[in-house]
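The values are calculated or read from the model by the stated rules, or taken from the named source; none is laboratory data. Here the structure is a predicted model, which is why all the values come from computation and not from measurement. Neighbour counts are summed over all protein chains in view; Cβ atoms, including those assigned to glycine, are modelled from backbone coordinates with ideal geometry.
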Amino acid sequence: MTDPWFRALMAPHAIAVLGASDDPVKIGGRPLAFLLRHGYRDRVFPVNPTRRAVQGVPAFPSIEAIPEAVDLAIVVVPAERVLETLGAAAARGVRVAIVFSSGFAEMGEAGRSEQQRIGALARRTGLRVIGPNCQGFAHLPSRLIATFASSFLDERLHVGPVAMVSQSGAMAGMLYEMARETGLGFNYWVSTGNEADVQAAEILAEVVEDPETRVALCYLEDIKDAARFREALGRAHRRGVPVFVLKSGRSAEGRRAASSHTGALAGEDAVYDAAFREWGAIRAADPADLLHLPQAFLRYREAGPRVAILSNSGGLGVLSVDLCADLGLPPAVFTAATTAGLRAALPIFAAPQNPVDLTAQILSDPGMLMRVLPLLEGDPGVDMIVFQVALFGAATDVGRFVGEVAAVGQRTTKVVAVSCPQRHVVERFRQAGVLAFDDSTVALRSLACLAHATRQRPRWLARTTGAVAPPPPAPPVPRARASAHDFLSEWESRRLLEPFGLPLVQSALCADPDEAARVAERLGYPIVVKICSRDLPHKSEAGGVALGLTDAPAVAEACRRIQSRVAERAPGAALEGFLVQRQAAGALELALGVKTDPVFGPVVMVAAGGILVEALRDFRLLLPPIDRATAEEALRGLRIGPLWDGVRGSAPLDLPAAADLLVRLGEAARALSGAVSEIDLNPVLVGRRGEGATVLDALVRLTAQSR
């Protein structure tokens, strides 16, 4: 499935270094020096019009002078010469170019314009361009080191099953150094820079197809094309390759810094979180996290979540069980047979339960471990066995313990892992083929990722590779008026949303107070009256809402009072009339909404409602289409989630009705995408199980294109 351009990048028969320097320390000299030093096997042609040889290799005055076809060009010329150099490469039939040169979008508007010309040239000619302002590409197994990164000054290449794609060259170099210190090796090392043409998602889609790739790591500042990123994750899930992402820009300050770094415009971070969660990219918190979390995946493809902890420290065992609960790893409940076996295998003062405390007596009774491990291995309620070692003393027969754990790990399909803070102990376990960590917390977090990915992979695969049904047809959309800030009135918003089956509260638009009083009699009391105007999206701020009206005279008087207040507070507002609604009741208040993200398109939000909705920030974001299981998971994922099942004797709430509303809102968002920029359903009242949900207020904002 590898694209031809990527084959030319990964295994070029001939490479041209355009702007090659004779100094192997300079940026222009390093790629040639690295290719020679690390033993790249195919042909390399330095291009330098002022020299007949560069670093001992015959040089050519131009790419046109090279006597054979070139697959890959490394461009190391000043920014003002990049475009003409790429044009010459394209005319020569080069498939891929890597542009180290900086001075483009990261420098401001003029540089951004020049970078756009690079992208246009790539689209026009078919030449794929990585960069500009990137540090290059390395395929370590073939010794193709097409980069100037200082990490590769080391004579030894650290080859392994980890593919790394980074939009930042400096981060890529740092991660390579950190990985080397932790014993991890890479097969791909890629820096994509400003991404005038080739995006990180395109590289990711290719490297996960390599049979040698077991784990993919990404450092991202932004995603330019959500569909490409989704496709890359789909390819990864098909092969069972986990993708770990470190994304900068969590804070507003971080987003501004990312924007100034490479010209990337970082989107709202919560939307990225939603995309990662629904499409199956595992988010890391920091560079160390990015390297620690994948470690379980390098040894195992999948695992169930039930953990058996054994330790030579009772305190460490209890702390581990506590952490398991936090991570969603249920401590295994042993069968009666396992419990009986543990009672016989352990000292009389050790409890035969999870966590299993081997006690200090393991030092005088080293055979204890092999009396316990087979019991846990044979228990059908155990998916993972984690041996948390607090410390091994100088007199401990470490080799025996290593051999015994390795023997069990090799014969069982269950996960067997060890943690120990002593690096030399960890290395001995690793050399024996045992999954081993030097931090007990990292061990459980990595295993929790493995269990979570195992459980979620079928859903992630469906979300990233399954055919998406077309959205429902969109009803006619009223035209926006610039003076109204593109908002529709509540009545217009309701009429636009009604075809999607949303449970909107029963309402009527009335022209005057007398009509409002008559309609109220028909609807039944209590009644709510609202002013209706495109110019007043926030009606209560203008005194445009009256609640709890119990008879016709009160309704008429409320209309007159509202009209007077609005005339005073918003004298220029164009009024359509009065909305009369039956006042609804419910047991829980939610806020729902839709906002269009520039990268991911329409995004649906569900939040705990009420006056503290913004302060609490108890919300989840979803990317439509939304299925019922995803909707229910989001609702349960709110901090108010326990309320759905009832607490302290209260009745369960109507979770199915709320989930159905989320599904329908997602379809409305898809159908109206392009015409509508925002939808706000707030408040939404949810009743007890079987009582349904009711949308009390709806507000739609149109896109500028709808004018």
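Data table
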read-out	value
Among (1) in a loop (DSSP other than H, G, I, E, B); (2) out of contact with any Gly (no Cβ under 9 Å at 6 or more places or on another chain); (3) closer than 30 Å to Tyr525 by Cβ; (4) of a type outside the set (Phe, Trp, Tyr), the one test that Gly586 misses	(2)
Residue within region 636-644 that is among the small types (Gly, Ala, Ser), closer than 18 Å to Asp273 by Cα and at pLDDT 95 or above present	no
Filtered residues of region 416-446 (kept if surrounded by fewer than 18 Cβ atoms within 10 Å (Cβ to Cβ), within 17 Å of Ile385 (Cβ to Cβ) and in contact with a Phe, Trp or Tyr (Cβ under 7 Å, 6 or more places away or on another chain))	none
Some residue of region 2-22 being over 32 Å from the mean Cα position of the chain (by Cα) and free of Cβ contacts under 8 Å to residues at least 24 places away in the same chain	no
From the options Gly126, Gly131, Gly193, Gly136, residue that is of a type in the set (Gly, Ala, Ser) and surrounded by fewer than 24 Cβ atoms within 10 Å (Cβ to Cβ)	Gly126
Every residue from region 530-552 that is under 18 Å from Ala508 (Cβ atoms), outside any strand (DSSP E or B) and not small (Gly, Ala, Ser)	Lys539, Thr550, Asp551
Flag if Arg463 is buried (at least 17 other Cβ atoms within 10 Å of the Cβ) and not in a loop (DSSP other than H, G, I, E, B)	yes
Condition check for Ala516: surrounded by fewer than 17 Cβ atoms within 10 Å (Cβ to Cβ) and either in contact (Cβ under 8 Å) with a residue 60 or more places away in the chain or part of a loop (DSSP other than H, G, I, E, B) (or both)	no
Filtered residue count, region 492-538, keeping only those that are basic (Lys, Arg) and either in contact with a Cys (Cβ under 6 Å, 6 or more places away or on another chain) or outside the structural domain of Thr550 (by TED's automatic domain parsing) (or both)	2
Any hit, region 380-402, residues being of a type outside the set (Ser, Thr, Tyr), closer than 20 Å to Pro366 by Cα, in a strand (DSSP E or B) and more than 30 Å from the chain's Cα centre (by Cα)	yes
Subset of region 489-513 that is crowded, with 18+ Cβ neighbours inside 10 Å and among the polar types (S, T, N, Q) - its residue that is farthest from Pro475 (Cα to Cα)	Ser507
Counted residues, region 103-123 - those being touching a residue at least 40 places away in the same chain (Cβ under 8 Å), surrounded by fewer than 15 Cβ atoms within 10 Å (Cβ to Cβ) and more than 20 Å from Glu221 (Cα to Cα)	1
Residue within region 415-425 that is part of a helix (DSSP H, G or I), closer than 22 Å to Leu373 by Cα and touching a residue at least 24 places away in the same chain (Cβ under 8 Å) present	yes
Subset tally (residues that are of a type in the set (Lys, Arg) and surrounded by 20 or more Cβ atoms within 10 Å (Cβ to Cβ)) for region 208-234	2
From the options Ala138, Ala170, Ala179, residue that is assigned to a helix (DSSP H, G or I) and touching a Phe, Trp or Tyr at 6+ places or on another chain (Cβ under 7 Å)	Ala179
Flag if Arg664 is surrounded by fewer than 20 Cβ atoms within 10 Å (Cβ to Cβ) and part of a helix (DSSP H, G or I)	yes
Residues located in region 430-453, provided they are over 22 Å from the mean Cα position of the chain (by Cα) and basic (Lys, Arg)	Arg430
Candidate set from region 645-674 (those that are of a type in the set (A, V, I, L, M, F, W, C) and at pLDDT below 95); member that is farthest from Leu496 (Cα to Cα)	Val647
Region 1-21, residues that are surrounded by fewer than 20 Cβ atoms within 10 Å (Cβ to Cβ) and among the small types (Gly, Ala, Ser)	Ala8, Ala11, Ala14
Some residue of region 80-100 being more than 28 Å from the chain's Cα centre (by Cα), closer than 21 Å to Glu206 by Cβ, among the basic types (Lys, Arg) and in the same structural domain as Val207 (by TED's automatic domain parsing)	yes
Looking only at region 178-215, and only at residues there that are modelled with pLDDT of 95 or more and among the charged types (D, E, K, R), the one that is farthest from Phe6 (Cα to Cα)	Arg214
Exclusive hit being farther than 24 Å from His452 by Cα, in contact with a strand residue (DSSP E or B) (Cβ under 9 Å, 6 or more places away or on another chain) and without any contact (Cβ under 8 Å) to a residue 24 or more places away in the chain, set Ala350, Ala340	Ala350
Single unsatisfied condition, Leu496 versus (1) under 30 Å from Ala558 (Cα atoms); (2) not in a helix (DSSP H, G or I)	(2)
